[in-house]
1. What are the residues in the stretch 556-579 that are part of a loop (DSSP other than H, G, I, E, B) and either of a type in the set (Phe, Trp, Tyr) or open to solvent by 30 Å² or more (accessible area, probe 1.4 Å) (or both), if any?
2. Does any residue of the stretch 240-251 turn out to be assigned to a helix (DSSP H, G or I), touching a Cys at 6+ places or on another chain (Cβ under 9 Å) and at pLDDT 95 or above?
3. For Lys155, indicate whether it is in a helix (DSSP H, G or I) and farther than 20 Å from Phe92 by Cβ.
4. Name every residue in the stretch 340-370 that is in a helix (DSSP H, G or I), farther than 25 Å from Tyr43 by Cβ and touching a residue at least 12 places away in the same chain (Cβ under 8 Å), in order of residue number.
5. Quick one: which of Asp233, Asp207 is of a type outside the set (Phe, Trp, Tyr), out of contact with any Lys or Arg (no Cβ under 7 Å at 6 or more places or on another chain) and open to solvent by less than 60 Å² (accessible area, probe 1.4 Å)?
6. Taking the stretch 457-500, which residues are without any contact (Cβ under 8 Å) to a residue 40 or more places away in the chain, buried (at least 22 other Cβ atoms within 10 Å of the Cβ) and under 27 Å from Arg445 (Cα atoms)?
7. For the stretch 269-306: of the residues being out of contact with any helix residue (DSSP H, G or I) (no Cβ under 8 Å at 6 or more places or on another chain), modelled with pLDDT of 90 or more and open to solvent by 20 Å² or more (accessible area, probe 1.4 Å), which is farthest from Asp336 (Cα to Cα)?
8. Taking the criterion of being assigned to a helix (DSSP H, G or I) and closer than 27 Å to Ala65 by Cα, would at least one residue in the stretch 210-228 satisfy it?
Amino acid sequence: MLVLVGVVVLSLSHVGQAVPGEGLVRVGGLSTMGENGKGFQAYFVDRNCKEFKFSGWNNWEMIEAAAGVASALPDEKQKNVRAGKNLVRFIFDSAEDAHLTVGRFFGHGHNEKKIVLQPELGEYNQKALDAFDWVLAEAGARGLKLIMSFADNWKVGDSRKTYAEKFGGKEPMDFFTDPDIKQMYKDHIDFLVNHENSLNGVKYKDDPTIFAWNLMNEPRCDCDLSQENEFCDKSCASIVQAWIEEISNHLKTVDPNHMAVVGEEGFYSLTPWRTWVNPDAFFSGGAPWAQLAGQDFISNHNLPTIDYLSVHTWPDNWGLPELWFQSVWVREHNNDAWWLQTKPFVVEEFGKIVVEDDDTDRKSIRDPFIRDLYKLFHQLRGGNGAMKGVAFWEFDAATHKKPGVYGIRPTHSTWEDIIVPQSKVVKDEVKREPLRDHCVPGKRRSFDAHFIGEEVYYITSGPHLQARWEGKDIGEPLKGVKSIKECIDACEAEKEDCVQFRYNKNIDDGTCVLKSRGANDYKWSPEGWQTYWRREASTKCKAKGCKLCQKGRNGVCILCEGKAKLYQGRNEIPVCKEK
């Protein structure tokens, strides 16, 4: 089915279908860890309480393609080439055919000779914005999710150097520390998340097409030990860590709906017992460039404002083009995610160089690396595994010329023999699995749920999410409250008046504030407040095998009897089934 939006035709192939990844995707289960027992690992979950794992791809020039920038695209006069929006449609068509569900691209320009989003401070390129709108609208119409970065660390256009040198008149490293430059970056974030899509009227901060925001593509310091004037200092890690904390907190304040992730390679520095994993550690007597690059995988991700852990893996670029290193790199970062126990883990970029445009070389050189990465994904995503997504670098759609050294096309063996079948396995696996426990569906996003009795349960949007508007307090704040359960008991004791409460474990050994009224919407709380809403339930449920169902939502089942589990039924209605 097609629908005409303005003068742009968007595909709506998934309308009316309940597919994994419906609505806003979030990290689920963090509010009910105590009820889930030992070995708990967080996961991605959609608005229907369906766990979301993904096989995805990178394609960095989506804005350039949609804008029809000639230097970024094939020449339309040539035979059998695609350009402009047709090229983007081809990319999305191919992704859907290959069972890829998440794409990652630069939410900005990278080359001033092609197109940039912010050519001058505070001035935005309308052509680039229109292209951005179109990419988001087209992906959303197809049910695809997108990860996007706010700027690039490496290139000239819309980059760290742009803010520091062009806009700020300073050195590139001042980007991380100068208050004025940091404010410029925050202003850009504010503009983008509040930008209203010209095709569907949805502000970016409300768009469920966006899976997550990268704070930047590979933020790190200018450390190249072969260059005399580069910045290589141990203090760099603390500088970048402070920047990540400040910028991620700002992003969550202006866009609490979407997940935030750093977007880094994943080196270690502030955690010295982990620096042996760095690529520079495997060279006898080699310079510690990775340790001095300014990243620390554990510290950078162990923040309430960062929703999941991600790495990029580049064995060729780091001088270790061996399968064993790729395996060590991925497994050790997965182990760190497991150790933190509260966040999913994603390999956001992975690839392998092939110089010659020859399928024999691709099969012998690249395919073993891609196959091994998917094997790792299979091993590390099952059960309570931390690894929940992968995205290869890169989908090369410029068919008018020789593919780039990392370029993968639908005609390549890598695509046909590995990516397509492995992505189908992931997608089918997600479809078969039951809905997550301790979760209640919502219109935009799901809620973590505490089932505490036959007539009532409590829901929450997640840690650090507080009701945007609250009514009057019921009595004085309760202090020394050690657990959510104590707050729930206090609210139940006042159940004639208590409709919600907010809790902060870090204030006065745990503080609970009971409320008589309040909104269902939420905002980010830097102080750590989390709101819980009281909901009435019923044991007289229409659905077969249902133990507890909602009131006021057509009796939707939220808890099954015995060992039965909830599964996605028709029209998104959960049903109870035995495994």
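1. Glu561, Gly562, Lys563, Ile573, Glu578, Lys579
2. yes
3. no
4. Asp359, Arg362, Lys363, Ile365, Arg366, Asp367, Pro368, Phe369
5. Only one candidate passes the filter, namely Asp207.
6. Gln500
7. Pro304
8. Looking for residues that are assigned to a helix (DSSP H, G or I) and closer than 27 Å to Ala65 by Cα, one finds none in the stretch 210-228, hence no.
The values are calculated or read from the model by the stated rules, or taken from the named source; none is laboratory data. These numbers were taken from a predicted model, which means no experiment stands behind them. In this analysis, Cβ positions are derived from the backbone assuming ideal geometry, glycine residues included, and neighbour counts consider all displayed protein chains. Please note that ligands, DNA and RNA were not included when accessible areas were found on the heavy atoms of the full protein model with its side chains. Shrake-Rupley method; radii C 1.70, N 1.55, O 1.52, S 1.80 Å.
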